[in-house]
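Report on the following structure.
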Amino acid sequence: MSDVREEIRSRLLELIRDVREHLRYLEELGVTHWEDLPATDDLRACISALAASERTGEAPSEPRAEAARAQATLDEEIRKEGDPMTSKRRAARSATASPERASEQPTLFGHLPLLQTAPPTEDRTLEEIRADVGDCTRCKLHRSRTTIVFGEGDPRARIMFVGEGPGAEEDAQGRPFVGRAGQLLNRMIEAMGFRREEVYITNVVMCRPPNNRTPEPDEIATCEPFLFRKIRVIRPDVVVALGAIAAQSLLGTKAPIGQIRGRFFEAHGTKVMPTFHPAFLLRAPERKREAWEDLRKVRDYVLSLSRERASR
Ligand code: SF4
């Protein structure tokens, strides 16, 4: 029993460290309050298990089981009272079904533009798409690249982050978002309650534009079908479009990012949330708060989906 107690104590300390880290990230992002974070469920479960064992003198139950019980209770409450997000989705579905939404009818998830999405493909895995990319020379960006930066993360991720294109660090390492902007993105992901390896990260173009210039329309048009195919394979709940180029590519619009950020759009069979690019946030830290509000909507939506799935 003392071993179990010791394990719970060390888990508790670990969680306190996690929460402290979270608070640091949130403070950096300009967050002033939040409703709940996934780690706090674990923390509460550990505290209640430890308190119960102190009270009864019996060996504490396994904290994850406590967390599962707490989640089941929460799910039951949501089932009885109705999840407000579920109601919103129901309303959004009926808006989608409305024939009046032929062009740009606003819905609870924002304006839903009609899109030319990628044609259906037979891709079953990301490896198949990578094999098709090969040693790509389809656009002129191949001349300036060192490495094709295909993307990385969980192939079954619920959230996908899409940037513009690789920079110098990414080109050298063959991995997306590993420079300063990548470090900020990592903190944003962690502030949402996820780990980098739990999401999928990629870009609109997979080769570094010379001198980090903006990718040109023909380069985007050549490379973006691969992005659309990745989305169809991963089937995330939300794609977060980081910056104007990603948002415009994914939504088929020329609207500035400042006009479209912070609203859910429907495209490529999923929800798309445009927000600011981390590189922009490094230059304009006063906009981090808006970016955090966008990411909080994504987190809340994904969590509401998981509750809905758990209650089925
Ligand atoms: S940017 Fe895309 S389309 Fe252009 S060469 Fe690289 S992988 Fe091919």
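The values are calculated or read from the model by the stated rules, or taken from the named source; none is laboratory data. Note that this is a predicted model, so its numbers are computed, not measured. Cβ: placed from backbone, ideal geometry, glycine included. Neighbour counts: every protein chain shown.
For segment 251-278, the set of residues classified as among the polar types (S, T, N, Q) and either in contact with a His (Cβ under 6 Å, 6 or more places away or on another chain) or surrounded by fewer than 18 Cβ atoms within 10 Å (Cβ to Cβ) (or both) consists of 259 only. In segment 262-278, the condition of being closer than 18 Å to residue 159 by Cα and in a helix (DSSP H, G or I) is met by at least one residue.
Looking across 229, 187, 208, one residue alone is closer than 25 Å to residue 283 by Cβ, not polar (S, T, N, Q) and not in a loop (DSSP other than H, G, I, E, B). It is 187. For segment 152-181, the set of residues classified as part of a loop (DSSP other than H, G, I, E, B), under 26 Å from residue 303 (Cα atoms) and out of contact with any Pro (no Cβ under 6 Å at 6 or more places or on another chain) consists of 154, 155, 156, 176, 177, listed by residue number. From the set of residues in segment 146-166 that are within 14 Å of the ligand (Cβ to nearest atom) and not aliphatic (A, V, I, L, M), which is surrounded by the most Cβ atoms within 10 Å (Cβ to Cβ)? Filtering first and then ranking leaves 166. What about residue 128, is it at pLDDT 95 or above, outside any loop (DSSP other than H, G, I, E, B), within 13 Å of the ligand (Cβ to nearest atom) and farther than 28 Å from residue 295 by Cα? For residue 128, the condition - at pLDDT 95 or above, outside any loop (DSSP other than H, G, I, E, B), within 13 Å of the ligand (Cβ to nearest atom) and farther than 28 Å from residue 295 by Cα - is not met.
Sub-9 Å Cβ pairs linking a first residue in segment 131-145 that is over 10 Å from residue 207 (Cβ atoms) and more than 6 Å from the ligand (Cβ to nearest atom) to a second residue that is part of a loop (DSSP other than H, G, I, E, B) and not small (Gly, Ala, Ser), at least 6 apart or interchain, are 132/123; 134/148; 135/148, ordered by first then second residue.
A single member of 283, 287, 307, 299 is within 13 Å of the chain's Cα centre (by Cα) and basic (Lys, Arg), and it is 299.
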